[in-house]
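Notes follow once the structure below has been shown.
The values are calculated or read from the model by the stated rules, or taken from the named source; none is laboratory data. The shown structure was predicted, so the numbers you read here are calculated from the model rather than taken from an experiment. All Cβ positions, glycine included, derive from the backbone under ideal geometry; neighbour counts span all protein chains shown.
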């Protein structure tokens with residue numbers, strides 16, 4: 001029984017250290033929920049539970065993008081800088097026409113319900 005506890009404790013320490021290092025080396029864009037500093041503190045102060053929380057809730061998978069970073073082209077200042085004023089005006093006219101068409105179409109409001 002003592003051997004099981006020693007091995008379990010040793011594995012818990014290895015997991016804890018691995019969790020701290022993994023959390024610390026990930027770029028801030030790969031941390032979900034709270035800031036990078038907060039995640040490191042959670043993992044350090046709650047050794048095994050913090051690591052489990054980090055891997056299940058806090059870490060974004062490679063290639064995944066946090067929803068807070070997804071911005072539509074009309075809301076993205078960088079995309080708007082690359083558009084000419086005429087292109088911006090044309091885009092606004094298109095959106096206004098689409099909204100007017102949706103307002104006039106009674107079936108469109110029924111489908112959204």
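If you go through region 46-62 and keep only what is under 14 Å from residue 18 (Cα atoms) and touching a strand residue (DSSP E or B) at 6+ places or on another chain (Cβ under 8 Å), you end up with just 59. Residues in region 59-67: is at least one part of a helix (DSSP H, G or I), surrounded by 10 or more Cβ atoms within 10 Å (Cβ to Cβ), at pLDDT 70 or above and under 29 Å from the mean Cα position of the chain (by Cα)? No, the conditions are met nowhere in region 59-67. Candidates in region 80-100 are the residues that are touching a helix residue (DSSP H, G or I) at 6+ places or on another chain (Cβ under 8 Å) and part of a helix (DSSP H, G or I); of these, the one that is modelled with the lowest pLDDT is 80.
Might you check whether a residue that is modelled with pLDDT under 85 and out of contact with any strand residue (DSSP E or B) (no Cβ under 8 Å at 6 or more places or on another chain) occurs anywhere in region 37-45? Within region 37-45, not a single residue is modelled with pLDDT under 85 and out of contact with any strand residue (DSSP E or B) (no Cβ under 8 Å at 6 or more places or on another chain).
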